[in-house]
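> Below you will find the structure I want to go over with you.
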Amino acid sequence: MTKEMLSPINNQKNTSLQTVRVKNSTYYYNKQLLRTGAFADCTVTCRGRSWPAHRNVLSPRCDFFKCCFDGRFTEGQTRVIVMEDDDPVAVDGMLFYLYTLDYPVELYQRLLGTETSSGSDSGIEDEETTGQDAKVYWSFDLSMYTIADKYGLTELREMAENALLGKADLAGKEQQLLTNMDGFVALLEDLYGLGETSDQMSQLRTQIVSSTCEAITHHVRDQRISTLISDVPEFAVDLVEAIGKKRDERRMVQREEDKRQEAARVRICHVPMNEESDWED
C-alpha cells in the first residue's frame, strides 16, 4: 500500500467522490420513481391531475403527508391525497422536490418550452426571456414559494425565494423590467392579492419592491404600473417607502464620502513641515 493511498487527503477525496456518486444515483433513482410511478402505494390528485407516489418518500420529508397517511385519517385508508386547493403546477414541482430534494428547474423549462434534450439543470436566472411567456417567468417561482410556505418546506421555499430575488435584481435594470412588464405586473398582483400572508411572504414582497422600485419609477406612466398603484394601495405604500429608503441610503453614502474627503483635506493642511528642508528648498 502506497503512502498516497494512506494519505488523509486522498481518503477525503475518495469519500467526497463516493458521496457525490451516491447523491447522483439517488437523485436519478427517485426521479425515475416519480416519473414512472413504479411500485407506487399511494396517489396524489389535484384538479384532474394525478401522480402515483410512494409513502416512504413523501412521509419523512413532509409533515402534511405524514399526517395524511396516519391511520386515523381517511387518506390513510384510501391512500389518495386530494389537494384541490392548490395549483397543479405547484403540486407537480413540490413532488419533484420531495423526491429529488432539488428545485424543479426541468418543470420550469418544460412550461417555457426551453427544456433541453439532456434535461439540463442550469440555473433559472440564466434563462433567456425574449419570446418566453413573461407570466410563467415570474409565476412559477411564486407558486413554488407559496406551496412551500404553506406546507412548511423551508428549503424549497428558500430556493424559490432565491430565484425570485435573482429575477427581481435583474428587473431592477430598466430595460429588463420593460421586457417582462406584463409578467412582473402579474407577479405583483398575485403577491398583493394573497390576502393575509406569512411574515416570510411579507418580507419577500418588500424585498422584491425594494429591488425594483427605481426601475418602476421610470415606468410610472405605464398604464399597467399606474393602474396597479391606484388599485393596490398596499403596493403604493411599499413603493413609496422603498423609494424613500433608497434616497436615504444614497444620502448616507454621500455624507460618508463628504466626511472622508473633508478628513483628507484636514490631514493635508496639518501635515508637519521640516523647517530645515523648507529652507534648503
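> Could you give every pair whose Cβ atoms fall below 6 Å, whose first residue belongs to the stretch 26-46 and is under 13 Å from residue 98 (Cα atoms), and whose second residue is of a type in the set (Ser, Thr, Tyr) and assigned to a helix (DSSP H, G or I), counting only separations of at least 6 or pairs across chains?
Once the first residue is under 13 Å from residue 98 (Cα atoms) and sits in the stretch 26-46, its partners that are of a type in the set (Ser, Thr, Tyr) and assigned to a helix (DSSP H, G or I) give 27/100; 30/99; 30/100; 31/100; 34/99.
> Can you tell me which residues in the stretch 79-90 are more than 17 Å from residue 34 (Cα to Cα) and surrounded by 12 or more Cβ atoms within 10 Å (Cβ to Cβ)? Working first, answer last.
Taking the stretch 79-90 and keeping what is more than 17 Å from residue 34 (Cα to Cα), we get 82-87.
The answer is 82, 83, 86, 87.
> Give just the number: which of (1) part of a helix (DSSP H, G or I); (2) at pLDDT 95 or above; (3) touching a strand residue (DSSP E or B) at 6+ places or on another chain (Cβ under 7 Å) does residue 60 not satisfy?
Result: residue 60 fails condition (3) only.
> So, one more: So, of the residues in the stretch 150-167 that are within 10 Å of the chain's Cα centre (by Cα) and small (Gly, Ala, Ser), which turns out to be nearest to residue 60 (Cα to Cα)?
Ranking the qualifying residues of the stretch 150-167, first place goes to 160.
For (1) among the charged types (D, E, K, R); (2) exposed (fewer than 15 other Cβ atoms within 10 Å of the Cβ); (3) modelled with pLDDT of 95 or more; (4) under 24 Å from residue 209 (Cα atoms), each residue gets a yes or a no:
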{"site": "92", "(1), (2), (3), (4)": "yes, no, yes, no"}
{"site": "115", "(1), (2), (3), (4)": "yes, no, no, no"}
{"site": "123", "(1), (2), (3), (4)": "no, yes, no, yes"}
{"site": "144", "(1), (2), (3), (4)": "no, no, yes, yes"}
{"site": "161", "(1), (2), (3), (4)": "yes, no, yes, yes"}
{"site": "172", "(1), (2), (3), (4)": "no, no, no, yes"}
{"site": "183", "(1), (2), (3), (4)": "no, no, no, yes"}
{"site": "188", "(1), (2), (3), (4)": "no, no, no, yes"}
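> Filter the stretch 209-233 down to the residues that are within 27 Å of the chain's Cα centre (by Cα), within 23 Å of residue 169 (Cα to Cα) and exposed (fewer than 12 other Cβ atoms within 10 Å of the Cβ) and list them by number.
220
The values are calculated or read from the model by the stated rules, or taken from the named source; none is laboratory data. In this text, all values refer to a predicted model and were calculated from it rather than measured experimentally. Using ideal geometry, Cβ is built from the backbone for each residue, glycine included, and neighbour counts are taken over all protein chains shown.
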